[in-house]
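Enquirer: One structure coming up, written as structure tokens, with questions to follow.
Just so you know, all these numbers are worked out from the coordinates, no wet-lab data involved. This structure is a prediction, so every number in the text was calculated from the model and none was measured. All Cβ positions, even for glycine, are placed from backbone atoms using ideal geometry, and neighbour counts span all protein chains on display.
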Amino acid sequence: MAAHGYNKFFGPGVWRVRRAWFDSMGMRPGKFHARVAASTEDGLRARLAVGLLTPIPAAGFVSLMFVAAWTVHRKNGFFIVKEGWEVQPGAAVAAIAIATLGAGKLSMDYALFHTSEAYHYLHGWCGLIIAVVLGLAGGIGQLAIFYRPPAKQAA
């Protein structure tokens, strides 16, 4: 996800191309979604890497993968070789697994919260529920508010 987010920020012709791409898939306004997608991917990557409030960035990944699968990959079928949605559920499940298992003893979660009751809400069933419910709510909400797919052309 880090390379994916980096490319959205610094790839060639990035903002003009990304804006048009988001607009073309129905995520309007495209400029807003291009910036939000890049920022979210990089921000989530950093927070998962250091293990900071782990279920929340995991929920962000679930949301990102849900929206990507729905808007870009769904129409192409399952397999990634045809640009299908094969990868997105796996990435979402990996994020949910991290939220469920917890970030571990070398994480910011452990360093900041291991002596408090709050630490128990950052993994286990609570982590799983936060990642799944918040992630799906975020993805569905984003689609409901912003997704306006282009009308199909008559043949």
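Enquirer: Between Ala94 and Ser39, what is the FRET efficiency for a Förster distance of 22 Å, r being their Cβ-Cβ separation, to the nearest 0.05?
Expert: Efficiency for this residue pair is about 0.55.
Enquirer: Whole-Hz Karplus ³J(HN,Hα) for region 20-30, in order, using 6.51 cos²θ - 1.76 cosθ + 1.60 and θ = phi - 60°, x for Gly and Pro?
Expert: Computed from phi, the couplings for region 20-30 are 5, 5, 5, 4, 5, 8, x, 8, 10, x, x Hz.
Enquirer: For Rg and Dmax of the Cα atoms in Å, the listed values are (i) 15.5, 48; (ii) 15.5, 45; (iii) 16.8, 64; which was obtained by calculation from the structure presented?
Expert: Given (i) 15.5, 48; (ii) 15.5, 45; (iii) 16.8, 64, the calculated one carries the label (iii).
Enquirer: Moving on. Pop the C-beta distance of Glu86 and Trp21 into the FRET formula with R0 = 30 Å and round what comes out to the nearest 0.05.
Expert: 0.90
Enquirer: Taking only Cα atoms, what is the 0 to 90° angle, nearest 10, from helix 55-68's long axis to the longest principal axis of the chain?
Expert: In the chain, helix 55-68 runs at an angle near 20 degrees to the longest axis.
Enquirer: Tell me what the chain gives for mean residue ellipticity at 222 nm when only DSSP H runs of n ≥ 4 count, each as -39,500 (n - 2.57), the sum divided by the residue total, rounded to 500 deg cm²/dmol.
Expert: About -19000 deg cm²/dmol.
Enquirer: If you put +1 on each Lys and Arg Cβ and -1 on each Asp and Glu Cβ, how big is the dipole of region 35-116 around its Cα centre, in Debye rounded to 20?
Expert: 100
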